[in-house]
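Chemist: Encoded as structure tokens, here's the structure I'll be asking about.
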Amino acid sequence: MTSPIAGRVVAVTGGARGIGRDIARVLAEAGARLAIGDRDEPAAVATAAELSGTVRGFALDVTDTDSFRAFLAAVESLWGPIDVLVNNAGVMWVGPFEAEPETATARMLEVNLHGVIRGVRLVAPGMRARGQGHIVTIASAAARLSPPGESTYAATKHGVLGYLTGVREELRGSGVRISVIMPGVVATDLAAGTDTGAAKLLQPADVARAVLRTIERPRFEVTVPRYIGPLVRLAELLPQRLRDLTFRRMVPDQVAATRGSTARAAYERGLADPPGGNTA
């Protein structure tokens, strides 16, 4: 059976590696015409060449409006209007809040939050004018939870969910769909050395499959694994003391998990000026 995504034009930000690469692979295999955008242009081009289907790689810095606009224009000139934008680019610094470098704080806010806002502003008006389109954003379970050691990262993901909740209402009835994918810890460089808490470690392919399902059957909030969403909503009904105890059992303490570890050293050094720093 042909997938509903076959022939549609899809753009994925931060698509050269990690979750973005698997999203590109799964959607291309489903028949989409797939554009990979990444700050590391050679990696984006190489990834596109390695994947089957109709895939092209492009330069994209989600922190730069001109770069984002040029990326979208290049894709549209090649295949026509973008049907689906997947906001995947993301970065994460982990550690005690008082030890977080200013450069890491700024980078997370600019990539994780402003990068999403920028993408929505650039593609949603055209989608609304055409009466159709879908914006899928890879957030995190940290959009609902706030693990110790990920305070700023969680703030950006809370911000993404809040922003898209409002935008979704503004676009209601326009034909433009908004979806937020919120996975737990995924086995990528971004999460190197961190703990998964009560949930199992996910693979990038788990998130990619959730993206495909969400495009085929649009929903606003999607958690991976699925049980996380209902469990969080149930826990939020508890009195504060019981809620705190429940979340401490569910949510990993990343300060403790990464204390004394060097597993994240190379990744976090790259937050200052990463060659592929838009990739989750």
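Chemist: Take the residues in segment 108-127 that are out of contact with any helix residue (DSSP H, G or I) (no Cβ under 7 Å at 6 or more places or on another chain) and open to solvent by 40 Å² or more (accessible area, probe 1.4 Å); name whichever of them is nearest to residue 174 (Cα to Cα).
Modeler: 125
Chemist: Which of the residues that make up segment 128-173 are at positive phi and open to solvent by 60 Å² or more (accessible area, probe 1.4 Å)?
Modeler: The one that is at positive phi and open to solvent by 60 Å² or more (accessible area, probe 1.4 Å): 173.
Chemist: Are there any pairs, at least 6 apart or on different chains, whose C-beta atoms fall under 8 Å, with the first in segment 78-99 and over 19 Å from residue 148 (Cβ atoms) and among the β-branched types (Val, Ile, Thr) and the second open to solvent by 40 Å² or more (accessible area, probe 1.4 Å) and in a loop (DSSP other than H, G, I, E, B), and if so, which?
Modeler: The qualifying pairs are 84/8.
Rundown of residues vs (1) farther than 18 Å from residue 119 by Cβ; (2) among the acidic types (Asp, Glu); (3) modelled with pLDDT under 95, yes/no style:
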position: 3; (1), (2), (3): yes, no, yes
position: 16; (1), (2), (3): no, no, no
position: 22; (1), (2), (3): yes, yes, no
position: 25; (1), (2), (3): yes, no, no
position: 47; (1), (2), (3): yes, no, no
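Chemist: Here are some residues: 70, 6, 48, 44. Which one is free of Cβ contacts under 8 Å to residues at least 60 places away in the same chain and in a loop (DSSP other than H, G, I, E, B)? Step through it out loud before you land on a result.
Modeler: Values: 70 fails: in a loop (DSSP other than H, G, I, E, B); 48 fails: in a loop (DSSP other than H, G, I, E, B); 44 fails: in a loop (DSSP other than H, G, I, E, B).
Answer to the check: 6.
Chemist: For the subset of segment 27-41 comprising residues that are assigned to a loop (DSSP other than H, G, I, E, B) and farther than 24 Å from residue 271 by Cα, which member is least open to solvent (accessible area, probe 1.4 Å)?
Modeler: Taking segment 27-41 and keeping what is assigned to a loop (DSSP other than H, G, I, E, B), we get 30-32, 39-40.
Now drop any that are not farther than 24 Å from residue 271 by Cα, which leaves 30-32.
Working: 30: 19, 31: 33, 32: 2 Å².
Top of the filtered list is 32.
Chemist: Does residue 24 count as in a helix (DSSP H, G or I) and open to solvent by less than 20 Å² (accessible area, probe 1.4 Å)? Can you show your working first?
Modeler: Working: in a helix (DSSP H, G or I): yes; open to solvent by less than 20 Å² (accessible area, probe 1.4 Å): yes.
Judged against the criteria, residue 24 is a match.
Chemist: Mind counting the residues in segment 160-197 that are of a type in the set (A, V, I, L, M) and not in a helix (DSSP H, G or I)? Outline the logic, then answer.
Modeler: The initial filter retains those residues of segment 160-197 that are of a type in the set (A, V, I, L, M), namely 160-161, 164, 167, 171, 176, 178, 180-182, 185-187, 190-192.
Filter once more, keeping what is not in a helix (DSSP H, G or I): 171, 176, 178, 180-182, 185-187, 192.
Total satisfying the criteria: 10.
Chemist: Could you check how many residues of segment 234-255 are loosely packed, with under 11 Cβ neighbours inside 10 Å and closer than 30 Å to residue 93 by Cβ?
Modeler: Residues flagged as loosely packed, with under 11 Cβ neighbours inside 10 Å and closer than 30 Å to residue 93 by Cβ within segment 234-255 amount to 2.
Chemist: Additional query: Between a first residue in segment 231-243 that is under 18 Å from residue 141 (Cβ atoms) and a second residue that is part of a loop (DSSP other than H, G, I, E, B) and open to solvent by 100 Å² or more (accessible area, probe 1.4 Å), which pairs have beta carbons less than 9 Å apart while being 6 or more apart in sequence or on different chains?
Modeler: 243/237
Chemist: Where residues in segment 101-142 are small (Gly, Ala, Ser) and outside any helix (DSSP H, G or I), which of them is nearest to residue 14 (Cα to Cα)? Outline the logic, then answer.
Modeler: Our first condition is that a residue be small (Gly, Ala, Ser); within segment 101-142, this holds for 104, 106, 115, 119, 124, 126, 129, 131, 133, 139-142.
Checking the rest, the ones that are also outside any helix (DSSP H, G or I) come to 131, 133, 139-140.
Details: 131: 27, 133: 20, 139: 13, 140: 15 Å.
Per the stated criteria, the residue is 139.
Chemist: Which of (1) open to solvent by 30 Å² or more (accessible area, probe 1.4 Å); (2) assigned to a helix (DSSP H, G or I) is the odd one out, the single condition residue 200 does not satisfy?
Modeler: Result: residue 200 passes all but (2).
Here's the yes/no breakdown for (1) in contact with a Gly (Cβ under 7 Å, 6 or more places away or on another chain); (2) at pLDDT 95 or above; (3) within 30 Å of residue 258 (Cβ to Cβ); (4) not aliphatic (A, V, I, L, M):
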{"position": "51", "(1), (2), (3), (4)": "no, yes, no, no"}
{"position": "54", "(1), (2), (3), (4)": "no, yes, no, yes"}
{"position": "72", "(1), (2), (3), (4)": "no, yes, no, no"}
{"position": "75", "(1), (2), (3), (4)": "no, yes, no, no"}
{"position": "78", "(1), (2), (3), (4)": "no, yes, no, no"}
{"position": "109", "(1), (2), (3), (4)": "no, yes, yes, no"}
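Chemist: Of the residues that sit in segment 73-88 and are of a type in the set (Val, Ile, Thr) and outside any strand (DSSP E or B), which one is nearest to residue 134 (Cα to Cα)? Can you show your working first?
Modeler: Kept after step one, since they are of a type in the set (Val, Ile, Thr), are these residues of segment 73-88: 75, 82, 84, 86.
Add one more test, that the residue is outside any strand (DSSP E or B), and what stays is 75, 82.
Numbers: 75: 16, 82: 9 Å.
The qualifying residue nearest to residue 134 (Cα to Cα) is 82.
The values are calculated or read from the model by the stated rules, or taken from the named source; none is laboratory data. Here the structure is a predicted model, which means the values were calculated and not measured. Neighbour counts are summed over all protein chains in view; Cβ atoms, including those assigned to glycine, are modelled from backbone coordinates with ideal geometry. Accessible surface areas use protein heavy atoms only, side chains included; no ligands, DNA or RNA. Shrake-Rupley method; radii C 1.70, N 1.55, O 1.52, S 1.80 Å.
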